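Undergrad: Before anything else, here's the structure in question.
The numbers here are math on the coordinates, done by the rules we state, and not lab data. Bear in mind the structure is a predicted one, so any value in this text is a computation, not a measurement. All Cβ positions, even for glycine, are placed from backbone atoms using ideal geometry, and neighbour counts span all protein chains on display.
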Amino acid sequence: MKFKGMIIGLLFGFASAAQSDTVVAKVYSWDNSVISSAGKTSQTKKMFSGSGAILSLHQLNGINLHKGKSITYKADASGYERFFIIKKGPVSVNLNNQVSLLDRGSIMVVLPGDKISITNNTDADAEYYEMNYRSIQASNAERGKNAGASFVMNWNDMVVKKTDKGSTRQLFDRQTTMLNRFDIHVTQLNEGFNSHPPHTHKNEEIILMLDGNAEMSIANEHPKANGSDVVYLSSMIPHNLTNVGKTPCLYFAIQWN
């Protein structure tokens, strides 16, 4: 019976993945994304939602949190894993009863089963990116626990290393409940430089632009990506980024497998 249950579970997982549209490799705009919900507390823009090679459901939202309001993401051990980047702050973050004041560029990684609240105590809307995801393979709570707890990283505490093209901040490279590897760094790319020659890799990737004006190379396409835009890159698709503006590009590079 136990084996039969496992087979049914796998078939259900494959069916769920099949029902989810694959996320398309392209640039997604914060400004032009469709508002999926709006209320007294917040407004949500769905930037993209679908599946990939590793994730059965992968959803990226843009959240406007209104002044004086708070959003709580309840603990659910069987639910999503979540990742947040602050676009406009500051906000007060309560993660498992630990409170942090986080401003622009700060991040939160929240494993399934953990609770987080985000509060805007300012006189204007706060904004942040909310990434919800679930793996195709069965989640591994023990792997997530052994890799470390949910955490926040304050932008001001991130270590900056100078490079010949600008600078970099290596945030982390670790396992989680949903992912065998979750790797994030931040790059500042000076005017006229490209990130690297066009290349491919197995990992899917998100380029999340905080500042600047870039031209992406995605297969045979060359779309522009500007501050606030998000670029999704599927596995093994040729890509790179060139700073075509007059100021540095600042962006998150997020990979997983």
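Undergrad: Give the residue from Met236, Met158, Ile184 lying farthest towards the positive end of the charge dipole for region 156-256; charges sit on Cβ (+1 for Lys and Arg, -1 for Asp and Glu) and the dipole is referred to the Cα centre.
TA: Final value for the positive-end residue is Met158.
Undergrad: Whole angstrom only: what separates the Cα centroid of region 75-107 from the Cα centroid of region 175-212?
TA: Between the Cα centres of region 75-107 and region 175-212 lies a distance of 21 Å.
Undergrad: If you build the convex hull over the alpha carbons only and average its shadow over all orientations, what do you get for the chain? Give it in nm² to one decimal.
TA: About 14.6 nm², averaged over all directions.
Undergrad: Next question. For the chain, modelled as a Gaussian network with Cα springs under 10 Å, which listed residue fluctuates most, Glu191, Glu130, Glu142?
TA: Evaluated over the chain, the most mobile residue of the options is Glu142.
Undergrad: Between region 138-171 and region 214-257, what's the alpha-carbon centroid distance in Å?
TA: 20 Å
Undergrad: Once fully extended, how much extra length lies between Ala149 and Ala38, figured as 0.36 nm per residue of separation less the alpha-carbon to alpha-carbon distance?
TA: Answer, rounded to one decimal: 36.8 nm.
Undergrad: Determine the sum of side-chain charges near Asp173: Lys and Arg each +1, Asp and Glu each -1, restricted to other residues whose C-beta is under 13 angstrom from that of Asp173.
TA: Numbers: positive: Arg169, Arg174, Arg181; negative: Asp183.
Once positives and negatives cancel, what remains is +2.
Undergrad: Which residue fluctuates most in the GNM of the chain (Cα springs below 10 Å): Asp211, Asp114, Asp76?
TA: Greatest mean-square fluctuation among the candidates belongs to Asp76.
Undergrad: By what distance, in whole Å, do the Cα atoms of region 156-256 stretch along each of the three principal axes, largest value first?
TA: Rounded to whole Å, the extents work out to 40, 36, 23 Å.
Undergrad: Let a ≥ b ≥ c be the square roots of the eigenvalues of the Cα gyration tensor of region 30-154; is it rounded (a/c under 1.5), or, if not, prolate (a/b larger than b/c) or oblate? Don't skip to the end; give the middle numbers.
TA: Values: a/c = 2.08, a/b = 1.27, b/c = 1.63.
It is oblate, given that a/c is not under 1.5 and a/b is not larger than b/c.
Undergrad: Say each of Val244 and Val99 gets a label point 7 Å from the Cα, pointing the same way as Cα to Cβ; how far apart are those two points in nm?
TA: Calculated label separation equals 4.7 nm.
Undergrad: Moving to a separate point now. Can you give the relative contact order of the chain as a percent, counting alpha carbon pairs under 8 Å and 6+ residues apart? List each step's numbers first, then the result.
TA: Numbers: 666 pairs, mean separation 44.9, N = 257.
Answer for the chain is 17 percent.
Undergrad: Students often get this wrong, so check it: of Lys67/Lys224; Lys46/Lys67; Lys162/Lys202, which have C-alpha atoms separated by over 24 Å?
TA: Over 24 Å Cα-Cα: Lys67/Lys224; Lys162/Lys202.
Undergrad: Quick one: what are the phi-derived ³J(HN,Hα) couplings along region 160-168, Karplus 6.51/-1.76/1.60 with θ = phi - 60°, whole Hz, x for glycine and proline?
TA: Once θ is set to phi - 60°, the couplings for region 160-168 become 9, 10, 6, 10, 6, 10, x, 7, 9 Hz.
Undergrad: Let me ask something else. Can you figure out the FRET efficiency of Val159 with His199, using R₀ = 30 Å and their beta-carbon distance, to the nearest 0.05?
TA: Efficiency for this residue pair is about 0.75.
Undergrad: At a 10 Å Cβ-Cβ cut-off, how would you order His196, His185, fewest neighbours first?
TA: His196, His185
Undergrad: Right, something else. When you count, for each residue, the other Cβ atoms within 10 Å and take the mean per peptide, how do 151-159, 54-62 rank with the highest first?
TA: Taking the mean over residues of other Cβ atoms within 10 Å, the ranking is 54-62, 151-159.
Undergrad: With the chain treated as a Gaussian network of Cα nodes joined by springs under 10 Å, which of Tyr73, Tyr128, Tyr232 yields the largest mean-square fluctuation?
TA: Tyr73
Undergrad: Here's a follow-up. Which residues in region 238-252 place their backbone N less than 19 Å from a point set 7 Å from the Cα of Glu191 along the Cα-to-Cβ direction?
TA: Answer for this model: 242-251.
Undergrad: Across region 27-39, in residue order, what do the Karplus-derived ³J(HN,Hα) couplings come to in whole Hz, using 6.51 cos²θ - 1.76 cosθ + 1.60 with θ = phi - 60° and x for Gly and Pro?
TA: 8, 10, 9, 4, 5, 9, 6, 6, 6, 8, 7, 8, x
Undergrad: Residue by residue through region 133-145, what is 3J(HN,Hα) from phi via Karplus (6.51 cos²θ - 1.76 cosθ + 1.60, θ = phi - 60°)? Round to whole Hz and write x for glycine and proline.
TA: Coupling constants for region 133-145: 8, 9, 7, 5, 5, 4, 5, 10, 4, 5, 4, x, 5 Hz.
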